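The numbers here are math on the coordinates, done by the rules we state, and not lab data. Values in this document were obtained by computation on a predicted structure and should not be read as measured data. Heads up, the Cβs are rebuilt from the backbone with ideal geometry, glycines too, and the neighbour counts pull from every protein chain shown.
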Amino acid sequence: MALDFAVIGHRLKRARLDKKMTQENLAEQLEVSVAFLSRIERGLSHINLKRLSQICNILGVSEGYILNGTASTSEHYLISEFNEILSNCPADKQKLIYKIAKTIIQED
C-alpha cells in the first residue's frame, strides 16, 4: 500500500488547526521553514518517520491517526471516518449504507 502524502498532509494540517497553531509556530518548533511545512501539508513533500513523529508529538496526535486516519485508542474512533465517507457519497448510496448497517446491527 502506497502512502498518500496529500491525505497525510491534510490530516497534519487539520491536527495543527485543531491545536490552534499557525504554520509559523509549528515550523519554529520543528526548526524547519514555513515553506517546507506548507509543502508537507499540501502533500508536495514526503515526510520521513522521524519528522512525522516529531510533528505528532507536538500536535498530540498518534502517527497511526495521521497515516491511517483512525485513532484506535478513542472509543468512537470510526465516527469521523464514517461521516467523511458519507459526506462524499450521493444520497442514494448513503441510504444503501444505512440499510446495510441497520441490517447488520439487527442480526446481533
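Observations on the structure shown:
- Residues listed by number, region 1-30, amide nitrogen under 20 Å from Ser53 label point at 7 Å toward C-beta: 3, 8-9, 12, 27, 29-30
- Qualifying chymotrypsin sites (Phe, Trp or Tyr not before Pro) for region 1-74 [loop in DSSP, other Cβ within 10 Å: at most 15]: none
- Degrees separating the helix 5-18 axis from the principal Cα axis of the chain, which is the longest one: 80
- Multiplying the residue separation of Lys102 and Asp18 by 0.36 nm and subtracting their alpha-carbon distance yields 27.0 nm.
- Per-residue HN-Hα couplings for region 54-69 [Karplus 6.51, -1.76, 1.60; θ = phi - 60°; Hz; x = Gly/Pro]: 4, 5, 4, 4, 5, 7, x, 10, 7, 4, x, 5, 5, 7, 10, x
- P(r) weight above 25 Å for the chain, C-alpha pairs, percent: 34
- Eligible lysines near Lys19 by straight Cα distance, threshold 29 Å, same-chain separation 8 or greater: Lys50
- Partners for Lys93 among lysines (Cα-Cα distance below 16 Å; same-chain residues under 8 apart left out): Lys102
- Lys, Arg +1 and Asp, Glu -1 on Cβ, resulting dipole of the chain about Cα centre, debye, nearest 20: 260
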